[in-house]
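Remarks on the structure that follows.
The values are calculated or read from the model by the stated rules, or taken from the named source; none is laboratory data. Source: prediction; values computed, not measured. All Cβ positions, even for glycine, are placed from backbone atoms using ideal geometry, and neighbour counts span all protein chains on display. We work out accessible area using only protein heavy atoms, side chains counted, and drop any ligands, DNA or RNA first. Shrake-Rupley method; radii C 1.70, N 1.55, O 1.52, S 1.80 Å.
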Amino acid sequence: MTATRIDASKLAQNSEPFSFNDQQKNSLFAQLKQQRGILSQTDISSLCQQFQVSQLELLKACVPVASLFSVAPISKFYVGAIAVGLNEQGETNFYFGANVEFSHQALSLVVHAEQSAINNAWLNGAQAVQRIAISDAPCGYCRQFMNELSTADSLEILLPERDFNLHELLPYSFGPKDLGNDACLFSHKQSDKQFADLTIDDAKLIQLALNAYVPYTGNFSAVKLSTFTEGDFYGSYAENAAYSPSLSPLQSALSQFYLAGLSFDDKTVKSITLLETQGAENQYEVAKSVLASFANPPAFEHYIAKLSNA
Ligand code: THU
Ligand code: ZN
């Protein structure tokens, strides 16, 4: 038997990764804005067929499109991320994300691209995230945020130059178990709670608040962002064992809003509604700070409701 020798340097030269040209990028960006930053399995299959590429090649080529959603007035550093997850039907979806910065407010309020993509998956029915493709190396804060996922042990992180597992990038880590918490983000435990004496009747807002991931404070909370003509956007509170990387419900809703390609101004955003749990409230001031970064902030309604176990 003769062994075939492969010249690795030639292979590398011949395997220039697939990428979209500007016109293809813009048309995909337009489609994604309509679909609020999600590509379904059907979309993924038809794009793979159209461009004659594998799902992995498509995923990597989509990362620069994710960066187009970035709102980064401070850094002008446009980060894109795509979380790959299975929906309730077991179909693969691409959930896009990008960083969001707030002018004249604390830098700690920034939503990182990885958080935005994972939040997009979480709010829109993904059962788990298996991999995430990112335009740049994830910062320490995002590595910690991802360590809260149900899939942290196997999570693949795909970067433009090479791929990693989360545990390679976050060895000897701190996580939920260190605080005695056996739950995790995407554990899909159905909430056994209810609110008592609620004066709002938005079923989606209530359901998102009750399904918030709040193992550390118990503040089941969610936000609804209503627009004049573009529908409603929702966010839910996702906490982290290291506390600081937690994603507040308003940040969550705003990053969903930006994934529709909208801009936050008084002609677009009608109102913001925050629902929190009585006795555990902690979101009012942070929501005020975020909203203070906008000229003419919209009406802000704040509801506090008591929890009663069903
Ligand atoms: N950024 C991310 O979105 N992800 C990372 O992990 C690295 C940093 C964003 C945050 C901020 O908007 C800008 O990049 C500069 O740090
Ligand atoms: Zn980060």
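Mind listing which GluC sites (Glu not before Pro) in segment 71-154 are in a DSSP loop and have 14 or fewer other Cβ atoms within 10 Å?
Within segment 71-154, the qualifying GluC sites (Glu not before Pro) (loop, at most 14 other Cβ atoms within 10 Å) are E88, E91.
Which loop-located GluC sites (Glu not before Pro) does segment 235-310 contain, where loop means any DSSP state but H, G, I, E or B and the Cβ has at most 15 other Cβ atoms within 10 Å?
Loop-located and lightly packed - E281.
With the other protein chains left in place, how much accessible area per residue, in square angstrom, belongs to segment 32-179 at a 1.4 angstrom probe?
44 Å²
Picking from L68, L123, L170, which is most flexible by a Gaussian network model of the chain using Cα springs under 10 Å?
The residue with the greatest mean-square fluctuation here is L170.
How tilted is helix 22-34 with respect to the longest principal axis of the chain? Cα atoms for both, answer in degrees (0 to 90, nearest 10).
It works out to around 30 degrees.
May I ask you to order 267-274, 50-57 by the average number of other C-beta atoms within 10 Å around their residues, highest value first?
Top to bottom by mean Cβ count within 10 Å: 267-274, 50-57.
Aspartates and glutamates within cross-link reach of K177: Cα-Cα under 12 Å, excluding same-chain residues under 8 positions apart?
Of all the aspartates and glutamates, those that pass the test against K177 - Cα under 12 Å, at least 8 places apart if same chain - are E148.
My understanding is that a pair violates if its Cα-Cα distance is over 21 Å; which of K33/K189; K204/K270; K33/K267 do that in this structure? Walk me through the numbers on the way to the answer.
Values: K33/K189 30 Å; K204/K270 18 Å; K33/K267 18 Å.
Among K33/K189; K204/K270; K33/K267, the Cα-Cα distance tops 21 Å for K33/K189.
Shape of segment 32-179 from its Cα gyration tensor (a ≥ b ≥ c, root eigenvalues): rounded if a/c is under 1.5, otherwise prolate when a/b > b/c, or oblate?
Oblate.
Within 10 Å of each candidate Cβ there may be at most 11 other Cβ atoms; applying that plus a DSSP loop requirement, which trypsin sites (Lys or Arg not before Pro) in segment 135-229 survive? Intermediate values should be presented prior to the final figure.
On the way: sites: R143, R162, K177, K189, K193, K204, K224; in loops: R162, K189.
Listed in order of number, the matching sites are R162, K189.
Given a 1.4 angstrom probe, I'd like the percentage of the accessible area of the chain that is carbon and sulfur, rounded to a whole number.
Details: 7410 of 15120 Å².
Its accessible area is 49 percent carbon and sulfur atoms.
Got a number for the accessible area of V110? Probe 1.4 Å, square angstrom, nearest 10.
So the heavy atoms of V110 present about 20 Å² to solvent.
Can you tell me the orientation of helix 41-51 relative to the chain, as the angle in degrees between its alpha-carbon axis and the longest Cα principal axis, to the nearest 10?
30 degrees
Compute the distance from the alpha-carbon center of segment 57-124 to that of segment 165-190, in whole Å.
Using only Cα atoms, the two centres lie 21 Å from each other.
Treating the angle as unsigned and between 0 and 90°, give the value, to the nearest 10°, between the Cα long axis of helix 55-67 and the longest Cα principal axis of the chain.
The two axes meet at around 50 degrees.
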